[in-house]
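Input: a single structure, listed below in structure tokens.
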Amino acid sequence: MSEGGIARPVRPRPRLRTLGITAGLLAFTVFAAREVKFAISTFWEVWKNPLWEKFWPVPWDWVLDRSNVIDPFVETFQIAILATIIGCGLALPISFAMSRLTTPNRPTYLVTRSVMNVVRAVPDLFWAKLLVTAVGIGAFAGTWALSVFSLAVMVKLFSETIDNADPRPLEAARATGSRHLPAIRIGVLPTVLPEYVAYALYVFELNIRASIVLGLVGAGGIGRVLEAQRQFFRFDRVLGMLIIVFVVVFVIEQVSVAIRKRLV
Amino acid sequence: MTATHTPSTVPRPSPPTGVRRRRALIALALVIGGAWSLTGLDITLARVLGAPADVWDIFKQLWPPAMDEALDRGVVGKVFESVYIAWIGTIIGAILSLPLAFLAATNVAPRWIRIPVRQLFNAIRAVPELIVAVIFIPITGLGPWAGTLAIGLHSVGTLGKWATEAIEGVDTGPLEAIEATGGRWVSGMRWGILPQIMPIVASFWLFRFEINVRASAVLGMIGAGGVGAELVSQLMFRNFPAVGAVLGITVLVVLTIDTMSATVRRRIIAGAARTSGPDLDADRNAEALADLTGFRR
């Protein structure tokens, strides 16, 4: 300590590559910001927009009328329930085919995995719009689209769970001479079933949210009413609907989180 | 010794009755829910049987995709517009959510501010991006800026929640050291916590960016900029080869970004794990998944 304490260590100089990457990202950000017409002033000017007045007051009589909002909202739920049952039901066997641990053979593994990756890369509402074109406007197309999408999400989550399952019960079952399916049924399924249920609840939450917006592209549910009122510039009704949607989604999420906590 | 040579004398144990009853209840709930939904949605057997043929009719026209036409119409530019929207939206979300996360973490923020900030995160997460965009479009006008704002605001919910949990998981040693030297609260956050959480938080940002690319592609369908508008108009004209091209380019870009982002995320996390042993990568992945799905193993 006689030299006046330990010298502060020299700060390492940034490497050339780090500087290059930073500069590249900055340039990309600036370019992207211009492309999306970034305007920081929006954050304070947005409040002065006279259109806000059209959001108020909320016409509760109209919003709480059965045929205006409640019935389409029920339809939204029915789409979500059906899509969850179909999607998660199909996901159970496909996930087992898609996991390294339980796949029957390598071709099945590769084919299911790549098909599901492509399905998942197409956003949910793109599916909805495609199916609306194919089978006509309405809840039927929405149910189809959401089933496909929940299947894709579910197999991704669940097959990874199976990948991480304990392989020893499966090996034990195989050592007794069991065939493939019974071995999985006894050796793997019981250990991953709680997570399957938890993921299914999670997918149901996703589906509730997704089915609300499905109607924006003509696939049934509350979004249909939302889109119509938006086009009539009845933002007060839109706001009323959104409040209802918000409260319901919020409550469902809290319930679902509580159930999942108990499950896993 | 004889006992080991007499198999099948021990009866197979039956599952506890509680499990059976619960399974029956779940099955009953599923059947009732499914039946209720089926009747409500006017789904008839004829439609279900007819649908695969209809869908196949459309899907087989998607191939071969009309790539030349799509390139002429500037679809690639539109896809990149979606990417820009997602990028700027993610940055807005990151900038807004990081300070808020410090106010929401149990170990560094007082209770009176923690509860409202957490509820704000929950509230934001409950509203889909598209709905936020529906509100923003009349205010900012049609175009990419409305979509960017919607994505930015919506990202605050998830990014804030994840960052909060990262902060709650830190080692409090550095924080105590700074307090012991008389450092202020802000210094503690800046030097005691931020360096610890930055790798995981940066990887969360990238993860959210991947999600946002998909979300911004969808936003175009209601006029908030990006590739969605192109898909809608080509479907309206029933120009299916062009639809195939739009879908193909979108999927290609989405998958490329996913792969790139996953590689960078792995490097960020591996860099952070260098001192802490090889298992951390898997742990952090599990952590990210737990955050995404809202529960822990």
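The values are calculated or read from the model by the stated rules, or taken from the named source; none is laboratory data. Please read all numbers here as calculations on a predicted model, not as lab measurements. Here the Cβ positions follow ideal geometry from the backbone for every residue, glycine too, while neighbour counts run over all protein chains shown. Accessible surface areas use protein heavy atoms only, side chains included; no ligands, DNA or RNA. Shrake-Rupley method; radii C 1.70, N 1.55, O 1.52, S 1.80 Å.
When we measure straight from the Cα of B:K78, which aspartates and glutamates land under 13 angstrom away, once same-chain ones fewer than 8 places off are left out?
Those aspartates and glutamates meeting the cut-off are A:E35, B:E230.
How many nm separate the modelled label positions at A:R185 and B:R20, each set 7 Å beyond the Cα in the direction of the Cβ?
1.8
Using the beta-carbon distance between A:A39 and B:I95 and R0 = 22 Å, what value does 1/(1 + (r/R0)^6) give for FRET efficiency, to the nearest 0.05?
Calculated transfer efficiency: 0.90.
Of B:P11, B:P64, B:P52, which is the most mobile in a GNM of chain B whose springs link Cα atoms less than 10 angstrom apart?
Sorting by GNM fluctuation, first place goes to B:P11.
In what sequence, highest mean first, do B:155-162, B:205-212 appear when ranked by Cβ atoms within 10 angstrom? Provide the component values of the computation, followed by the final result.
On the way: B:155-162: 23.6, B:205-212: 21.5.
Final packing ranking: B:155-162, B:205-212.
Leaving ligands, DNA and RNA out of it, report the carbon-plus-sulfur percent of the accessible area of region A:14-147 at a 1.4 Å probe. Please report the intermediate quantities before stating the final value.
On the way: 4930 of 7140 Å².
Looking at region A:14-147 in its full context, I get 69 percent from C and S.
At 7 Å along the Cα-to-beta-carbon direction for both B:V264 and B:R184, put a label point, then send me their distance in nm to one decimal.
3.3
Filter the trypsin sites (Lys or Arg not before Pro) in region A:126-225 to those in DSSP coil with at most 16 other Cβ atoms within 10 Å of their Cβ, and list the result. If you can, show how the numbers build up before the last one.
On the way: sites: A:K129, A:K156, A:R174, A:R179, A:R185, A:R209, A:R224; in loops: A:R179.
Answer in residue order: A:R179.
Under 10 Å, Cα contacts only: if you run a Gaussian network model on chain A, which one of A:R34, A:R13, A:R106 comes out with the highest mean-square fluctuation?
A:R13
Can you figure out the FRET efficiency of A:L92 with A:R11, using R₀ = 56 Å and their beta-carbon distance, to the nearest 0.05?
Working: r = 55 Å, r/R0 = 0.98.
Given R0 = 56 Å and the Cβ-Cβ separation, E is 0.55.
B:T256 versus A:V118, label points 7 Å from Cα toward the beta carbon: distance in nm?
1.8
In percent, what relative contact order does chain A have, based on Cα pairs under 8 Å that are 6 or more apart in sequence?
Numbers: 278 pairs, mean separation 66.1, N = 264.
Worked out over chain A, it gives 25 percent.
Please work out the Cα center distance from region B:61-76 to region B:224-248, rounded to the nearest Å.
Cα centroid of region B:61-76 versus Cα centroid of region B:224-248: 9 Å apart.
Using a cut-off of 28 Å between alpha-carbon atoms, which lysines can reach A:K261, once sequence neighbours fewer than 8 places away in the same chain are excluded?
Candidates past the 8-residue exclusion: A:K156, B:K161.
Using 1/(1 + (r/R0)^6) with R0 = 51 angstrom and r between the beta carbons of B:W63 and B:N107, what's the FRET efficiency to the nearest 0.05? Present the calculation step by step, with values, prior to reporting the outcome.
Working: r = 55 Å, r/R0 = 1.08.
My answer for the efficiency is 0.40.
Helix-only mean residue ellipticity at 222 nm, the protein assembly as shown, DSSP H runs n ≥ 4 weighted -39,500 (n - 2.57), per residue, nearest 500. What is it? Numbers along the way, then the final one.
Numbers: 24 runs with 411 residues, N = 561.
After summing the helix terms and dividing by the residues of the protein assembly as shown, the value is -24500 deg cm²/dmol.
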